[in-house]
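No lab work stands behind these numbers, since they all come straight from the coordinates. Because the structure is predicted, anything quoted here is derived from the model rather than measured. So basically every Cβ, Gly included, is an ideal-geometry build from the backbone, and we count neighbours across all protein chains shown.
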Amino acid sequence: MTTSSPVPPVAPERLPELLRAMPKAELHIHIEGSLEPALIFALAQRNRVNLPYADIPSLRRAYAFTHLQSFLDIYYAGASVLITAQDFYDMAWAYLQRAQADHVVHCELFFDPQTHTARGVALRTVIEGLYRACLDAREKLGISAALILCFLRHLSEQDAFATLEQALPYRDRFIGVGLDSSEVGHPPEKFARVFARCRELGLHVVAHAGEEGPPEYIWAALDWLKAERIDHGVQSTKDPALMARLARERIPLTVCPLSNLKLCVFPRLSAHNLRALLEAGLVATVNSDDPAYFGGYINDNFVQSFGALGLDAGHAWQLALNSFEASFIDASAKARYRDALGECFARFG
Ligand code: ADE
Ligand code: ZN
């Protein structure tokens, strides 16, 4: 018996429409990176926070990044306008509405508590606003949303432990922990003990690795942190043994093409290795990272990278399927989303 492919032939001119319409999960989005300039200025006014930019165009002009750190400096400055639970709610709600428009049916949102607690904002305030938006997403938008608490790797492991301690009263409001911020010079093993504690607590663990840092950081995220997913991971193509391991163990990579372009990880989108990752059998996914800063949400990432790399409907199917496989939802939800994906592709046949 032959099984027919779920992927019908799709005319190239209809591919962007398919990419936009297909149900998908977003697994790599920093919610503070969804803060659009207009909302930054509105919150600055609401909270009487002084910004070092006169207006939206001058803020936007600062979004000319040369590498990760040049972005992070501006990203942390932007987050300084977030003070109340309502601010965190408004930011997350704006993202979730945008995600719904892009046919995101499930998302796992990173947040950076230390960015806020260091300014005197209570962790309770941060989680209260974000969690309320996640609840409303299910009820009002029909999409599931969960939170992943990220530790800032440029800070100490002790600081990460203190943050975890503060978060424990809200343990049921986030599903996992991640590791982000300045990668080079802050290898995963720096956080081995705090991640071990998080695993004992039953939290999922993910980590940024191989964005700018070498393949060794990806090995370390797997071996020291037991990361279930690697965020970015695009440097893995430099190491064939690592590629073989990622494929064999089906460790997903949450790839963010427009982020990699804006942070000069690749010189052009057409030089991105997304196709190579897929063709090596890795569980690669497409995500937006910090959409307000990198010029596009998840569908922009899909449409622009498919155009630049000449990818087709088969790749689209694989990437959407991978997004569900890589997510932390249960098997029955994964099966439901796979069915919805099949129905969407059938409409394009
Ligand atoms: N925090 C927000 N965006 C990030 C990225 N692309 N890499 C590391 N940390 C981040
Ligand atoms: Zn990221």
Which value, in nm² and rounded to one decimal, describes the direction-averaged projected area of the C-alpha convex hull of the range 111-205?
6.2 nm²
When the expected Rg is taken as 2.2 N^0.38 Å, what fraction or multiple of it is the alpha-carbon Rg of the range 1-147?
1.25
Which whole-number percent gives the relative contact order of the range 1-139, counting Cα pairs below 8 Å spaced six or more residues apart?
35 percent
Just to confirm the number: angle between the C-alpha axis of helix 37-47 and the first principal axis of the chain, 0 to 90 degrees, nearest 10?
30 degrees
Computed over the range 104-225, the relative contact order (Cα-Cα under 8 Å, seq sep at least six) in percent reads 23 percent
Cα-based radius of gyration of the range 169-310 once divided by 2.2 N^0.38 Å, which approximates compact folds:
1.04
Largest first and in whole Å, what are the equivalent-ellipsoid semi-axes of the range 279-318 based on the Cα gyration tensor, each being the root of 5 times an eigenvalue?
20, 12, 8
Span per principal axis, largest first, for the Cα atoms of the range 52-125 (Å)
33, 32, 24
Just report the Cα centroid separation between the range 55-78 and the range 246-311, whole Å.
21 Å
Using only Cα atoms, figure out Rg for the chain and give it as a multiple of 2.2 N^0.38 Å.
0.95
Rg to Rh ratio, the range 225-308, alpha-carbon atoms and Kirkwood radius?
0.96
Net charge near Gly78: determine it from the other residues with C-beta under 11 Å of the C-beta of Gly78, scoring Lys and Arg +1 and Asp and Glu -1.
-4
Partners for Lys140 among lysines (Cα-Cα distance below 30 Å; same-chain residues under 8 apart left out):
Lys24, Lys334
Partners for Lys262 among lysines (Cα-Cα distance below 22 Å; same-chain residues under 8 apart left out)
Lys238
Over the Cα atoms of the range 24-91, how large are the radius of gyration and the largest Cα-Cα distance (Dmax), in Å?
12.5, 38
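Starting from the coordinates of the alpha-carbon atoms of the range 218-261, obtain the Kirkwood hydrodynamic radius over all distinct pairs and give the value in Å to one decimal.
10.8 Å
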So, in Å, what gap is there between the alpha-carbon centers of the range 170-230 and the range 135-167?
13 Å
Please report, in debye to the nearest 20, how large the charge dipole of the range 12-348 is about its Cα centre when each Lys and Arg carries +1 at its beta carbon and each Asp and Glu carries -1 there.
240 debye
Over the range 12-348, what is the relative contact order in percent, taking alpha-carbon pairs closer than 8 angstrom and at least six residues apart?
20 percent
Please rank Ile127, Ile298, fewest neighbouring Cβ atoms within 10 Å first, as an exposure proxy.
Ile127, Ile298
